[in-house]
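Here's the structure we're looking at; comments come further down.
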Amino acid sequence: MNDISKYAIATLGSHTALQILKGAQDEGLKSIVICSQKSRRVYESYGVADEIIEISDYQDYFRIEERLIEQQAVVIPHGSFVSYVGADRITAEMKAMYFGSKGILRWESNREIEREWLKKAGVNVPKVFRDSSEIDRPVIIKFHGAGGGFGYFIAHTPEEFHEKIKEFPNQDDYVIQEYVVGVPMYVHYFYSPLSGELEIMSFDKRYESNADSIGRIAARDQLDADLHTSYTITGNIPVVVRESLLPMFFHIGEQVIEASKSLEGVPKGLYGPFCLEGIIDPQLNFRVFEISARIVAGTNPYTHGSPYSWLRYNIPMSTGRRIAREIRQGIEEGRLEDLLG
Amino acid sequence: MNDISKYAIATLGSHTALQILKGAQDEGLKSIVICSQKSRRVYESYGVADEIIEISDYQDYFRIEERLIEQQAVVIPHGSFVSYVGADRITAEMKAMYFGSKGILRWESNREIEREWLKKAGVNVPKVFRDSSEIDRPVIIKFHGAGGGFGYFIAHTPEEFHEKIKEFPNQDDYVIQEYVVGVPMYVHYFYSPLSGELEIMSFDKRYESNADSIGRIAARDQLDADLHTSYTITGNIPVVVRESLLPMFFHIGEQVIEASKSLEGVPKGLYGPFCLEGIIDPQLNFRVFEISARIVAGTNPYTHGSPYSWLRYNIPMSTGRRIAREIRQGIEEGRLEDLLG
Amino acid sequence: MNDISKYAIATLGSHTALQILKGAQDEGLKSIVICSQKSRRVYESYGVADEIIEISDYQDYFRIEERLIEQQAVVIPHGSFVSYVGADRITAEMKAMYFGSKGILRWESNREIEREWLKKAGVNVPKVFRDSSEIDRPVIIKFHGAGGGFGYFIAHTPEEFHEKIKEFPNQDDYVIQEYVVGVPMYVHYFYSPLSGELEIMSFDKRYESNADSIGRIAARDQLDADLHTSYTITGNIPVVVRESLLPMFFHIGEQVIEASKSLEGVPKGLYGPFCLEGIIDPQLNFRVFEISARIVAGTNPYTHGSPYSWLRYNIPMSTGRRIAREIRQGIEEGRLEDLLG
């Protein structure tokens, strides 16, 4: 059995770093956080980082990469990592060990080919309108890459679309999607390439400003003040699903994994944590509007385990810790290579 | 002391089965789940079932009942069990050991006599209108037996009622209830017949499609799209109550237990888990619109214990485990009979 | 090292008493609850009180104070304590040991000077209008001392203000504040005078009647029924924040502590638990509308630890227990005096 003490886990200090670092420690791996001067306070206070590497700009990742390679650190990508370092540079330049399929970043970062993948997996995706003239029902216009969800809007007609789009003069990378009425639900999966098993770790709903508070204002007052909805993510709220929906969620997750195996440029397929982001409509259909092929912030309510992960593990198993456990097993069994993209 | 290893706990694989099965295991009792082929995946993944009995239709319960009797399994009823097997057949045909008062099912399944019970207990129930012509304030029309809450509607006048009821041509089993403005609150109790003590296990609020997301849409957009509210239960969200309300919640729960002791056909009264479903209005009155005389899905956020059960037990005590603990104590003390309906 | 067994922790039986008492026990200190006859049921059921002192009216605190002094009990103030006993009498008459700076009560209880403090700390506070004639945007009118938040209202113009204020004929102690659109967020801090370190314990959002359910009613139906928003606190819901906001939250907390050190009549400054109550707007600014210079009920979801406190402590650390731990350390190190106001 290989010695795990010669390895480390590293990530950028943001997004889901707290649970990733704590998870590494709990599994006996050294934890390294790369962060800015103003963020180190956070990782010090919670005591989750065995080493802090300070950089002035997250895009300076490549300046310190050698230190990660020397320590045999496996880098865990999360939304901020992908956003700061960039999918292209991750694929072309990154030399440190990387947990996950780098090839999946291309599929995840482009809504059109992401949609192909989901449809191939038989997932129920909302209709997308290729041209604004086709709008014949409520639609949501999402600007791609909009940090944290800011800048989405809803329209009902081509006319309304043209009026509202004027407020976003410099953004032409958007999607016009059927607006599905129902409750948002985020499903957090983990697929283990070592065991070949899919797990459901937890569920959450986002806490968006002002979407999740505009309803606190009486309709009459909203009309008076001419209020509009915005979708900036500020946090996450724990939720559990109706137990009778779990077979469906397992099934969908397995279809997505299966379909990922034949995606171009992704020889190992999707593995590790991923999230299906959708709406449960009043007829209990799960309409999926997006997939994140990595850990997402919706797992943050569960740094000490979720109502689901406690059932399976009987110890506090966050998604961050689940990643560390997979890596530990990979090291111990000499199969670490199977986990690297 | 009797040997608990000769007994088992069994339930249908749905609703609250995960916590019931895990709770049985944690208390040292064998756990048996009866489920469909597509559901077994769930109970295998979470490792909570010592035995899985597969049936193709939940109504086939009676085909496998002999296997439960042979294993001295105590069956835990939940919403899906009562719904699939049926209150009548449970009372008339079921031979396996059954946790709870079977007689209470009749009181719980009929809104009119349920209401009698609650009023007798001194509980503050919303006004019910016997005839739609009497509607003089906002009312909610609830179709009884509507799975998961789908098909409720709100009206303000007899005219609006008559217009909206047309959308439900085949349903004439409904109640017209005063629409109480305030926040929904579900109180999860456990009454122990062995100790004679009432406990408050937890609180939750439901996560309903689309009721819990319609407010995310600005009033102006809702009006444009002519959106209506529906109440399909998709999951549950944890919540704690204002501590100064706890004396009231204990008092109401005790009144309900006391009143249940004189209900016709319920010699042992209500015991085990139950839930009061209501609204806390802005004056902090708790208006109760329904009672569930069994475990409900609102306890699912707390498979690893709730902010309340941790105080009392110092171990992860879900409502499912609380049931198993009561049964274990009943077996050990030779009082199991006291727990069976 | 001094003997902690000769000391106790005491509080009034309401608000956050459950976690305070449990925290005392977990840290090896005797727990004493002072409560009414109808409340003792609660503290008995959860087994958190080593001693229950019954009083018929919370204002009778001074009748039993001698018993606390005899037992070397440190009294933990919370919202109900301050409200029932009164800031003036706490400062002038209270003789038992008191955890926290008494002098801070004056700053916290008056919105105008509280605002001075926050502005001095560089905190982003909403605009306050000195006179209703200046109202030029949506504003919220808050009645000071309104128990649990009942009696706030929103207005958009001087005219609307004058119409709505008529519903509150006897209340002239109010503030007219800019109505900030965004999601409510409550940040729970703990500042240790023994270590000089600031910690973030958790976050929550309130569950207010009817503010948090009015959005469940479709806009059309709200208009029909002429519904208005009210803000009575009924409970709390757990939430985590976007990890990238944590550096800001630490920074703001530290500024508030720093500024408190030069407040008149508060020689030791603010210490122990406190809460910043604000709104995160869609541009991710945290607009602070109030500070509570003591433990608040928003920490109640975390009697068994929060997603944050688990990271730091690896044991179930509620805010109540954190207080007890500070007191224990103070006793053991002979520095208890540093913690008393």
- [ ] Could you sort A:268-274, C:41-47, A:50-56 so that the peptide with the highest average Cβ count within 10 Å comes first and the rest follow in order?
- [x] A:268-274, C:41-47, A:50-56
- [ ] For peptide A:246-256, compute the average count of partner chain beta-carbon atoms within 10 Å of each residue's beta-carbon.
- [x] 3
- [ ] Compute the label-point distances linking B:Ile64 to its equivalents in the other copies; points lie 7 Å from Cα along Cα→Cβ; give nm, one decimal, shortest first.
- [x] 5.4, 5.5
Task: Inter-copy label distances at C:Glu116 (7 Å, Cα→Cβ; nm, one decimal) - done: 6.6, 6.7
- [ ] Could you check the simple spin-label distance between A:Asp88 and C:Glu112, using points 7 Å along Cα→Cβ, in nm with one decimal?
- [x] 6.0
Open item on the list: Below 9 angstrom from the Cβ of B:Met185, what's the summed charge of the other residues (Lys, Arg +1; Asp, Glu -1)?
Closed with: -1
TODO: Might you report the magnitude of the Cβ-based charge dipole of chain C about its Cα centre, with Lys and Arg at +1 and Asp and Glu at -1, to the nearest 20 debye?
DONE: 560
Task: Summed residue charge, Cβ within 14 Å of A:Glu108's Cβ, Lys/Arg positive, Asp/Glu negative - done: -2
Task: Cα-based helix-to-principal-axis angle, A:319-332 vs chain A, degrees rounded to 10 - done: 30
Open item on the list: Please find, among residues of chain B, the one with the beta carbon closest to the rotation axis relating it to chain A, distance in whole Å.
Closed with: B:Gly215, 1
- [ ] Would you list the P(r) distribution for segment B:1-121, with all Cα-Cα distances sorted into 10 Å bins from 0 and each bin expressed as a whole %?
- [x] 13, 43, 30, 12, 2
Task: Shortest-first distances to equivalent copies, position A:Arg89, nm, label 7 Å out along Cβ - done: 6.4, 6.4
Open item on the list: Is the C-alpha gyration tensor of segment C:248-341 telling us rounded, prolate or oblate? Criteria: a/c under 1.5 is rounded; beyond that, a/b larger than b/c is prolate, otherwise oblate.
Closed with: oblate
TODO: Quick one: among B:His188, B:His228, B:His156, which has the greatest mean-square fluctuation in a GNM of chain B with alpha-carbon springs under 10 angstrom?
DONE: B:His228
Task: Number of partner chain Cβ atoms within 10 Å, mean per residue of C:183-193 - done: 2
Open item on the list: From the C-alpha coordinates alone, can you work out the Kirkwood hydrodynamic radius of the protein assembly as shown, in Å?
Closed with: 29.9
TODO: For every helix of n ≥ 4 consecutive DSSP H residues, a contribution of -39,500 (n - 2.57) applies; sum these over the protein assembly as shown, divide by its total residues, and give [θ] at 222 nm rounded to the nearest 500 deg cm²/dmol.
DONE: -9000 deg cm²/dmol
- [ ] Treating the angle as unsigned and between 0 and 90°, give the value, to the nearest 10°, between the Cα long axis of helix A:61-70 and the longest Cα principal axis of chain A.
- [x] 30
Task: Range of Cα positions in segment B:132-232 per principal axis (Å), largest first - done: 55, 33, 25
- [ ] Enter the angle in degrees (range 0 to 90, nearest 10) between the Cα long axis of helix B:17-26 and the first principal axis of the Cα atoms of chain B, meaning the one along which they spread out most.
- [x] 30
- [ ] Show me A:23-36, A:283-296 ranked by packing, highest mean number of other Cβ atoms within 10 Å first.
- [x] A:23-36, A:283-296
- [ ] State the antiparallel share, in %, of DSSP beta bridges confined to chain C, rounding to the nearest 5.
- [x] 75
- [ ] For C:Lys164 paired with C:Ser5, estimate the spin-label separation in nm (one decimal), with each label point 7 Å from Cα along the Cα-to-Cβ line.
- [x] 5.9
Task: Intensity falloff of chain A expressed as log10 I(q)/I(0), Debye formula with alpha-carbon point scatterers, at q = 0.09 Å⁻¹ - done: -0.50
- [ ] Using a 10 Å cut-off on Cβ to Cβ distances, tally the other chain neighbours for every residue of A:305-317 and report the average as a whole number.
- [x] 5
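Each reported figure results from applying straightforward, stated rules to the coordinates on display, with no laboratory input. Quick caveat: nothing in here was measured; it's all calculated off a predicted structure. So basically every Cβ, Gly included, is an ideal-geometry build from the backbone, and we count neighbours across all protein chains shown.
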